[in-house]
Structure formats: structure tokens, C-alpha cells
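*Asks:* A single structure is presented below for examination.
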Amino acid sequence: MLDKDLEGVKKTFVQESHELLEAMEEALLALEKDPGDADTVNALFRAAHTIKGSSGVLGAEKAEKFTHAVENVLMRIRDGEIPLTDAIIGVMLECRDHMLSLVDLFDEGKDELPGSLAARDSLLTERLNAFLPASKPGGEANGGNGEAGAAAAAGEWHVSVRFGRDVLRHGMDPASFINYLSRLGEITSLTAVHDAMPSFEEMDPESCYLGFEIRLRTKVNQKTIEDAFEFVREESALAVIPPGSGVGPYAELIKALPDDPEKLGEILVSCGAVSRKELEQAMSARPGLPCEAPPEKAAFERGASGDASNKPGKARARESRTMRIDADKLDALINLVGELVSAGANIDEHSRRLRDGWLLESSSIMSRLVEEIRESAMRLRMAPIGEAFNRFHRVVRDISRALGKDIGLSISGGETELDKTVIEKINDPLMHLVRNAIDHGIEMPEARAAAGKAAKGTVRLNAFHDAAGITIEITDDGRGLDRKKILEKAARLGLLNPGRNPSESELLGLIFEPGFSTADEITKLSGRGVGMDVVKKNVEELRGTIAVESREGAGATVRIRLPLTLAIIDGFMVGINSSHYIIPLDMVVECVELGEADRRASDRRRYVNLRGATLPYVRLRDFFNDHGNRPPFENIVVVDCGGQKTGLVVDELLGEVQTVIKPLGRVYSNVRGISGATIMGTGKVALILDVAGLVQSVERAGALTA
């Protein structure tokens, strides 16, 4: 079990391992297209090597052991000993998934593999061993294969390390490195050196003053031993002396270190590194070296292990331009900013009521600053949607191969930024839509060739900003939706009245009805009529809309429109009698007055002529059963919902507001047309309209016709 002080390091290890495993998957998929890309092979090897080293230091033994076997195979690929084939890439992708499971198991604090995971561990290890020399089963002795300085047989290495002062502050435990060394071989001698320990009054309990002189019997090479200290090497002093090196390197080591030479000499003699006579002769034959240099000085590492390429850890820290922030802390910040927006609106309301010039000016300045804080805070949660898109390379590869299809994935607009929370919640709907495009949409290669298409199909993911929201498109070049089948299925399910001729958008929208499927047979992926209705529900929960376009024989496009964030939005406030409602500002196109002639005809028809185009409208007063007296003048707010313009008739136009969205709770979770609420500056509650749900509800009732 890890010490509680190392829990932060463990969390960082898990996060970084997830990132490295994603990078491994991307590298493997890229190597399928270009197996000869040496840079990608090296990046793949480095990712596995880093995970192995980190897991070893932190005591994740299962992950370390399996990743070591993966690393051995990757090292042979990197050195050109075995060719990179589709079979190896397939195995490596499975190994990558297994490594992810092992890291997650370690994160959960479990030491033993469950039955299914243990069986997969054993099977994949056997498959990896098939790519290794038969004389070295399990890769146990392959840690140094192909590396400079490898030891052909077990020998005693000498490891001298002086940990940097800040090792403990960075969450590292010196004992964990010693423990890792013991798994590389047998530690025959271990002596702690504490000459740097200050007096009790001067001691800093968070600083590390320890060093170690270690004798290690192992078959691994020098680089493997040095890599055991990879995470502290830049701030510590390390020397690794190979077996049979003679007395010279030990004499130089004594002179380079700031420790007491006589005491250090005694340690080297007692552990068997050199004899007393050899050491005395070597020390007397050479002039002494100055010892004022601190242990972190690169000269020590250069003189002992021949590596001066590393920078000091503090310099590296200064170069860093990014830092990890816990998601919960960001959520707490956004919540506080939301409360600040509400408080600012309250102050603004009071300042306008009091009509005090100085107060109005101060309120205006504060409102501007609050808006800047809001925008800065929201940008903290923004992330490129390409992170979500890139995961589908593997999905498309695996599913298309399972179905016997040749399908590629094309991504554009991956740099488009969206709230991280929205990205996480849109993953499942995107997964279902991509799977549907592969299974339902794109034909088998033979059918595509017969239709005059390229044998290889394509699924395209595209994202772009649209007003104050984002649009995601999932497009395939398959057969498109069969309108005849949709009509027949809708008639059987009673979704359309007999003899009714639905519009194109209404017809294609039927695929989002519960239980609706036009698949001829049930597969592992689809055909049970479950999924598209859930996709629509999930999108609407994000205050988004979903629509589909199709060209028979040429493919289909599913278009999802989402707000950039879920927490704070810009809204347009309207009034109905004494009630206030907020429409998301990004959906508002324009506002026009409802003419007297249209008001008188509203009992017979619910549309107006808007500059030569027919605009259907909904009277919000009727929708919410508000029976108060109509005002002498009414207005229409024109909204764009999924590419279709609709009018919302309201009593008053109250202008733009910053809106902090508050959930309504379970009691109101199924109320159509309302997505949340907000507290206005006056302290009253205004309801936030779910425009998509409102329009669809009216359409189903047959009250929105042009």
C-alpha cells in the first residue's frame, strides 16, 4: 500500500499514464498507415518505458511487469530486429487496453487481478513472448538487449546516489527507488550516507539530506539502472559504476562527493567494491579535487556516469507553462463566479432604482469586471473537441474490421473548443452515431463497388463554432436513409396519421422515436430499436438540438448543435404578464412586432409573413396557460432551432442578461419547454426556455403548422 503522503503522486501517475496510453493508441494507429515511421516507433517505446518506470517506482507491480514485456517487444521493433506487422499492431492495441486496466486497478488500490483480467494478462504475455527470442522466455533477461553497456551475465554494479533537497516536497520517497532497484536484481549491500544532515535547529523536515551507497547484483545494463532514478535524476546526483571497473572510478567518486572521504572510503571497502590497499594507492597517486560543489552539480554525474545532458529540476520547473488543476476545484470556481454574476445583477438593479450617479458608475465598472472574470473562468474549462474525436480512430478501426468493411475516419475542426463537461457528456451520443454510421450507413465493399463507389467508406467528424454555440457533424458516404422503410415503419408504429405526407425534416426525425429501427437484422451493434431516442434525450439534456439530413445512395449527416457551456449563458429576457422567461441568446435571430392583422387572425392560423417567408409561431401565453389580459402590443422573438425558424409571441422584450443556470429538481425534470431557472437581480425567479423541447412539443400537438 502507498503511504498517504504519496497519494498525490499516485493520482498524477494515473493521469499521466492515461495520457501516455492514449498517445500509444494514436501512435499504433498511425503506424498501421506508415510502419516505417521511426519517430512514431520511438515515441511509442518512450511511452511504454515511462509507464514501466513510474509503475515500478510507485509499486504498481502488475502494471510494471506486464509493461516491461511490452517494452521488450517494442525495443526489438525499434532496433529493427522484428518487422512491424498488422499482427503485432493488433496485439499491441490489446496490450494497451490491458495496461489501462492494470493502471486503473492500481488506482483502485487492488493488488490481485480478478479472474478475467488474470486470464487476459497470461494470454497477452504468451503472445508477447512469441515475438521474443526463445532463449529468453518472458523477457526477464531482455531488459538490456540491444542497449549499450549490457551485461552478459550477472555482475555487481555500484550505485551511488545523493537525493536532491526537494525530493520529498515533490512527493517522492527515496525508499521506493531502493525498492525498485531490488526488483532489478539483488541488493548485496546498502549503506545510508547522512553527512549532509544539519543540526537539529537548522533542519528542515521537508528537505531530504540522504544519500546511499548500493551494491546491486543484476543482469540489466547501466541505462536500466539509471532509469530507475528517472524522476529524481535532474535534481539528484547519481553515479553508476559497472562491474570490473577497477579502483579508478571509485577514487574519482570519493573526490567528487562532498562527503567525508575517509568515511566514504570505509563504506566502499566494507561493501567489497575495492580493497583497502587499492584505494589507498589510488588516492595517494592523484591530487585531491575540490568538494565545495553541491550534490546536484552536474559535474558529479558527468564524471561518474558519463551523462551531463540533464537540466536542474528548478530550471525545468521555470520552463513549464502549464499546470494540472483538479476538476472539482474548477467546478467550485465556476459556481462562485455564478454567484458573483447573480450578486452583480442584484447590485445593478438597486443602483438603477436609486439613480445615484456615482453608484451607477461603480456598478457599471463592476459589471464589466464580473463579465471579464466570467469569461476567463469559462475559458479555463474549455478544451479542444479533437481530444474526443481522436478516440474514434480506434472505434472505427475495430468495428469496421469486425464487420468486414474498409472504413476510414476523417476529422476536421478538432481545434474547436468546448466546455470540458459538455465534451464528456457528448461522448456516448457520438459513440452511438459513429457506430450507426459504420453498421447501418456504409455498405460492404462489394455493394459499394457495384454502386460505382470507392470500396473504402469514410466517416467524417467535423466541428465548428456557430453563433454562441458549436455544431458537430457526423457524416458518412454510405447508402443514406431509406425514406420508404421509414414511412412503412412509422405507419406500423402508429407514428403518422393515415394519408399524411410528412415534410422531409419530420420524416427523418422519426428515427429518433423510441423503438424505431429500419434494420433488416439484429447485429451486435444495432437493430433493436434502442439508442437513437437516447441520443436525442442526452443531447437535449445538454440544451442542444439534433437533426439529420440524408441523400439516398450518397450518405447521411447528423448535425448536433450545443451550447459552449452548461453553467453560465447569455440570455434574452422576455415577459408574459407578470412572469419572466429567458431564451438562450445564441438561438435568437431577431425581434419583430406582431401586427394587428396577424393578431386578429391568430385564432385561425399561427403563422406570419416575414419578408416573404412563412414563419410559424407559438404564443407562449397559451403554451404556459397564462390567462391574464393580453397587452395592446405583442412581439415575436424569432429563434433558430435546428436550422428551422420559429416565432415565440411574448408580451414584453426586456433585453439581454447574464444567466446563471440553476436546476429545477426532480419534480420538474419532465416539464417540456423548461430547461432550468435563474435568479434575477430583483430576487425573483425567471424560467429558462428549452426552445427545442418547446417547439417539438407544439409540433406533436399539431399546433405549429404553416
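The values are calculated or read from the model by the stated rules, or taken from the named source; none is laboratory data. The structure displayed is predicted, hence computed values, not measured ones. Counting neighbours? That spans all protein chains shown, and the Cβs are built from the backbone with ideal geometry, glycine included.
*Asks:* Can you tell me which residue in segment 658-682 is surrounded by the most Cβ atoms within 10 Å (Cβ to Cβ), limited to those that are modelled with pLDDT of 75 or more and more than 25 Å from residue 374 (Cβ to Cβ)?
*Replies:* 673
*Asks:* Would you mind finding the one in 200, 163 that is aromatic (Phe, Trp, Tyr) and touching a residue at least 12 places away in the same chain (Cβ under 8 Å)?
*Replies:* Of 200, 163, the one residue that is aromatic (Phe, Trp, Tyr) and touching a residue at least 12 places away in the same chain (Cβ under 8 Å) is 163.
*Asks:* Return the residue satisfying two criteria in turn: it lies in segment 161-191 and is of a type in the set (A, V, I, L, M) and surrounded by 16 or more Cβ atoms within 10 Å (Cβ to Cβ), and of such residues it is modelled with the lowest pLDDT.
*Replies:* Among residues in segment 161-191 that are of a type in the set (A, V, I, L, M) and surrounded by 16 or more Cβ atoms within 10 Å (Cβ to Cβ), the one modelled with the lowest pLDDT is 172.
*Asks:* Testing residue 463 on (1) part of a strand (DSSP E or B); (2) surrounded by fewer than 14 Cβ atoms within 10 Å (Cβ to Cβ); (3) of a type outside the set (D, E, K, R), one condition comes back false. Which one is that?
*Replies:* Condition (2) is where residue 463 drops out.
*Asks:* Return the total of residues in segment 369-410 being under 13 Å from the mean Cα position of the chain (by Cα), part of a strand (DSSP E or B) and under 12 Å from residue 434 (Cβ atoms).
*Replies:* Here the count works out to 0.
*Asks:* Output the residues belonging to segment 362-394 that are among the charged types (D, E, K, R) and in contact with a Lys or Arg (Cβ under 6 Å, 6 or more places away or on another chain).
*Replies:* The answer is 381, and nothing else.
*Asks:* Determine whether residue 364 is assigned to a helix (DSSP H, G or I) and either at pLDDT 85 or above or within 30 Å of residue 28 (Cβ to Cβ) (or both).
*Replies:* yes
*Asks:* What pairs can you find where one residue is in segment 335-356 and free of Cβ contacts under 8 Å to residues at least 24 places away in the same chain and part of a helix (DSSP H, G or I), the other is of a type in the set (S, T, N, Q) and surrounded by fewer than 18 Cβ atoms within 10 Å (Cβ to Cβ), and their Cβ atoms are less than 8 Å apart, with a gap of 6+ or different chains?
*Replies:* 351/362
*Asks:* Next up: Go through the residues of segment 593-605 one by one and say whether even a single one is touching a helix residue (DSSP H, G or I) at 6+ places or on another chain (Cβ under 9 Å) and crowded, with 17+ Cβ neighbours inside 10 Å.
*Replies:* No, there is no match, as no residue in segment 593-605 is touching a helix residue (DSSP H, G or I) at 6+ places or on another chain (Cβ under 9 Å) and crowded, with 17+ Cβ neighbours inside 10 Å.
*Asks:* Kindly indicate whether residue 446 is loosely packed, with under 14 Cβ neighbours inside 10 Å and within 18 Å of residue 382 (Cα to Cα).
*Replies:* When the stated conditions are applied, residue 446 does not pass them.
*Asks:* Determine, yes or no, whether residue 480 is touching an Asp or Glu at 6+ places or on another chain (Cβ under 7 Å) and buried (at least 19 other Cβ atoms within 10 Å of the Cβ).
*Replies:* no
*Asks:* Residue check: is residue 507 among the hydrophobic types (A, V, I, L, M, F, W, C), surrounded by 17 or more Cβ atoms within 10 Å (Cβ to Cβ), at pLDDT below 80 and more than 30 Å from residue 652 (Cα to Cα)? Reasoning before the result, please.
*Replies:* Details: among the hydrophobic types (A, V, I, L, M, F, W, C): yes; surrounded by 17 or more Cβ atoms within 10 Å (Cβ to Cβ): yes; at pLDDT below 80: yes; more than 30 Å from residue 652 (Cα to Cα): yes.
So residue 507 passes the test.
*Asks:* Please go through segment 367-410 and give me each residue that is crowded, with 18+ Cβ neighbours inside 10 Å and among the charged types (D, E, K, R), ordered by number.
*Replies:* Result: 374, 381, 394, 397, 405.
*Asks:* Picking from 471, 421, which residue would you name as being hydroxyl-bearing (Ser, Thr, Tyr) and either buried (at least 20 other Cβ atoms within 10 Å of the Cβ) or in a strand (DSSP E or B) (or both)?
*Replies:* None of the other options fit; the residue is 471.
*Asks:* Sticking with this one: Name the residue that is nearest to residue 374 (Cα to Cα), counting only residues in segment 528-564 that are polar (S, T, N, Q) and modelled with pLDDT of 85 or more.
*Replies:* Taking segment 528-564 and keeping what is polar (S, T, N, Q), we get 538, 545, 550, 557.
Then drop every residue that is not modelled with pLDDT of 85 or more, which leaves 538, 550, 557.
Working: 538: 26, 550: 40, 557: 35 Å.
Result: 538.
*Asks:* Report the residue count in segment 152-181 for those that are farther than 21 Å from residue 254 by Cα and under 35 Å from the mean Cα position of the chain (by Cα).
*Replies:* Here the count works out to 16.
*Asks:* Residue 205 is checked against (1) free of Cβ contacts under 8 Å to residues at least 12 places away in the same chain; (2) part of a strand (DSSP E or B); (3) not aliphatic (A, V, I, L, M) and fails just one. What number does that condition carry?
*Replies:* Tallying (1) free of Cβ contacts under 8 Å to residues at least 12 places away in the same chain; (2) part of a strand (DSSP E or B); (3) not aliphatic (A, V, I, L, M), residue 205 fails exactly one: (2).
*Asks:* Given the residues 621, 611, which is the only one that is closer than 28 Å to residue 504 by Cβ and at pLDDT below 90?
*Replies:* Numbers: 621 fails: closer than 28 Å to residue 504 by Cβ.
Selected residue: 611, the only one of 621, 611 that is closer than 28 Å to residue 504 by Cβ and at pLDDT below 90.
*Asks:* Now, a different point. For segment 617-645, what are the residues that are farther than 20 Å from residue 579 by Cβ and either part of a strand (DSSP E or B) or β-branched (Val, Ile, Thr) (or both)?
*Replies:* Selection gives 638, 640, 641, 644, 645.
*Asks:* For segment 628-638: of the residues being touching a Lys or Arg at 6+ places or on another chain (Cβ under 8 Å) and modelled with pLDDT under 85, which is surrounded by the most Cβ atoms within 10 Å (Cβ to Cβ)?
*Replies:* Among those residues, the one meeting the criterion is 630.
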